[in-house]
Amino acid sequence: MDSFTPTCWAISDGAAGNENQCLALARALGFEPRVLRVRLRQPWDAFAPRLTIAAASAIRDADGAPLAPPWPDLAIGCGRRAALVTRSLRGWSGGRCFTVQILDPRIDSRAFDLVIAPQHDGIAGANVVRSIGALNAVDAGWLAAGRARFADLSQLPAPRTAVLVGGSNRAQKLDAAYFDALLERLAARREADGGSFLVSLSRRTPAALAARLREAFARFPGRFWNGDGENPYAGFLAWADAIVVTPDSVNMLSEACATGKPVYTFAPRPIGGKLAAFHAELAGSGHLRRLDDPRPKAAQPPSLAETSAIADLVRERCSKR
């Protein structure tokens, strides 16, 4: 008799923040999924995920190939382009494929079997599971692997401060003046406490600012990563004693808070939009602290590790179909 092995697709537009959330959930559910980075033709791209007529003709994978059966048993999408695929798979498979959409799909949640959205997205429904932050792979095992893989970081002076740098968005402008102010505060902390910096830049950090930061951090002990060689991000989070995150990225803030270590941010300008609600929630729970505030004496809260619990909810919902 043939054995049945369930299959899973992790669907995104290829943006790291979206793809990583799909992969984190899929792996927490025990899958090593097919990674699908979709491209859409116009006008489907502009109207995704609302325009479904003839959507199959508009969707291609990263190699330009159309999607074809066999359809997966589970589809996990993140982002509005992926939402067009996940909602379509529900119909293409005759309802056999269980569809999970991460983040607000911008349409009725009932177009999917399950929607997982952070609370600051402000959506609700019988099939909506609300998280605090972004799903991620950070847990005790992930951190242990990071410590083992990048054991050389243990030789850097303690306390080790990881500095996670993103880029400007509508909610917060990160320019030269911002980084000058941030560096001033980090230098003051090191003068008081000693230690070293583990600096990781994202793909959204402008090249000119990246060069400026590399030069500035060169005067301190530590490690600086901007895409050269193996990514030490897991090692940085694993070996850090504290983490400083620029205020723009829900994903980086969520990953930092999942470590269970003190997490700080520096936001000299008011934070705009839904991101402000996310910051307020993290600050209210004690997971996020302002870099300028006096160092709090409150106990460190438990790690913000949501992915495993949400995977259990997905597994339960899927079993009740």
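Lys and Arg at +1, Asp and Glu at -1: add these up for the other residues within a Cβ distance under 12 Å of Asn20 and post the number.
Combined, the nearby Lys, Arg, Asp and Glu give -1.
Report for the chain the percent antiparallel among DSSP-assigned beta bridges with both residues inside it, nearest 5.
Details: 4 of 43 bridges.
Approximately 10 percent, going by the DSSP bridge assignments.
Could you list Lys173, Lys320 so that the one with the fewest beta carbons within 10 Å of its beta carbon is first and the one with the most is last?
On the way: Lys173 14, Lys320 6.
Ascending Cβ contact count within 10 Å gives the list Lys320, Lys173.
Count the net charge of all other residues whose Cβ sits under 10 Å from the Cβ of Leu237, scoring Lys and Arg as +1 and Asp and Glu as -1. The partial results should precede the final answer.
Numbers: positive: Arg147, Lys261; negative: Glu255.
With Lys, Arg at +1 and Asp, Glu at -1, the neighbours total +1.
Could you give each residue of segment 226-232 its phi-based ³J(HN,Hα) in whole Hz, using Karplus coefficients 6.51, -1.76, 1.60 with θ = phi - 60°, and x for Gly or Pro?
My calculation for segment 226-232 gives 9, x, 8, x, 5, 6, x Hz in order.
So what is the 222 nm mean residue ellipticity for the chain from helices alone, if each DSSP H run of at least 4 adds -39500 (n - 2.57) and you divide by all residues, rounding to the nearest 500 deg cm²/dmol? Present the calculation step by step, with values, prior to reporting the outcome.
Working: 10 runs with 110 residues, N = 321.
About -10500 deg cm²/dmol.
Need the C-alpha centroid separation for segment 120-160 versus segment 161-228, integer Å.
Their Cα centres are 20 Å away from one another.
Name the residue from Leu313, Asn136, Pro33 whose Cα lies farthest towards the positive end of the charge dipole of the chain, charges +1 on Cβ of Lys and Arg and -1 on Cβ of Asp and Glu.
Toward the positive end, the furthest listed residue is Leu313.
Can you tell me the dipole magnitude for segment 140-290 around its Cα centre, using point charges on the Cβ only (Lys, Arg +1; Asp, Glu -1), in Debye to the nearest 20?
Roughly 220 debye, rounded to the nearest 20.
When a/c is below 1.5 the answer is rounded, else prolate if a/b is larger than b/c, else oblate, so apply that to the chain with a ≥ b ≥ c taken from the square roots of the Cα gyration tensor eigenvalues. Don't jump to the answer; show the numbers that get you there.
Working: a/c = 1.92, a/b = 1.82, b/c = 1.06.
Prolate shape, in that a/c is at least 1.5 and a/b is the bigger ratio.
Of the options Phe47, Ser88, Ala277, report the single residue whose Cα projects farthest towards the positive end of the charge dipole of the chain (beta-carbon charges: Lys, Arg +1; Asp, Glu -1).
The residue sitting most towards the positive pole is Phe47.
Going by how many other Cβ atoms sit within 10 Å of their own, how do Ile107, Ile53 line up, fewest first? Write out the running numbers ahead of the final one.
Working: Ile107 18, Ile53 7.
Placing the least packed residue first, the sequence is Ile53, Ile107.
Can you work out D for segment 19-123 in µm² s⁻¹ from Stokes-Einstein, where Rh is the Kirkwood radius over C-alpha pairs, the temperature is 4 °C and the viscosity is 1.567 mPa s?
Working: Rh = 13.8 Å.
This corresponds to a translational diffusion coefficient of 94 µm²/s.
For segment 117-204, what does the alpha-carbon gyration tensor say about shape, rounded, prolate or oblate, given a ≥ b ≥ c as the root eigenvalues, a/c under 1.5 as rounded, and a/b over b/c as prolate? Kindly include the intermediate steps, with their values, before the conclusion.
On the way: a/c = 2.76, a/b = 1.36, b/c = 2.03.
Since a/c reaches 1.5 but b/c is at least a/b, the shape of segment 117-204 is classed as oblate.
Nearest 10 degrees, 0 to 90: what angle lies between the long axis of helix 140-149 and the longest principal axis of the chain (Cα atoms)?
With rounding to tens, the tilt is 60 degrees.
Compute, for the chain, the length of the dipole vector about the Cα centre, with Cβ point charges of +1 (Lys, Arg) and -1 (Asp, Glu) only. Units Debye, rounded to 20.
Values: 40 positive and 31 negative charges, 103 e Å.
Approximately 500 debye in magnitude.
If you take the charge dipole of the chain about its Cα centre, with +1 on Lys and Arg Cβ and -1 on Asp and Glu Cβ, which of Thr161, Phe4, Asn251 is farthest toward its positive end?
After comparing all options, I get Asn251.
How many percent of DSSP beta bridges within segment 140-290 run antiparallel, rounded to 5? Write down the numbers at each step before the final one.
Details: 1 of 20 bridges.
Here the antiparallel bridges make up roughly 5 percent for segment 140-290.
Could you size up the charge dipole of segment 6-132 around its Cα centre, putting +1 on the beta carbon of Lys and Arg and -1 on that of Asp and Glu, and report it in debye to the nearest 20?
The dipole magnitude comes to about 220 debye.
Could you derive backbone 3J(HN,Hα) for segment 29-34 from the dihedral phi with the Karplus parameters 6.51, -1.76 and 1.60 (θ = phi - 60°), listing whole Hz in sequence and x where the residue is Gly or Pro?
Calculated HN-Hα couplings, in order: 8, x, 9, 10, x, 6 Hz.
Bear in mind that the values in this text are calculations on the coordinates, not laboratory data. It should be emphasised that the depicted structure is a prediction, and the values quoted were computed from it without experimental measurement. All Cβ positions, even for glycine, are placed from backbone atoms using ideal geometry, and neighbour counts span all protein chains on display.
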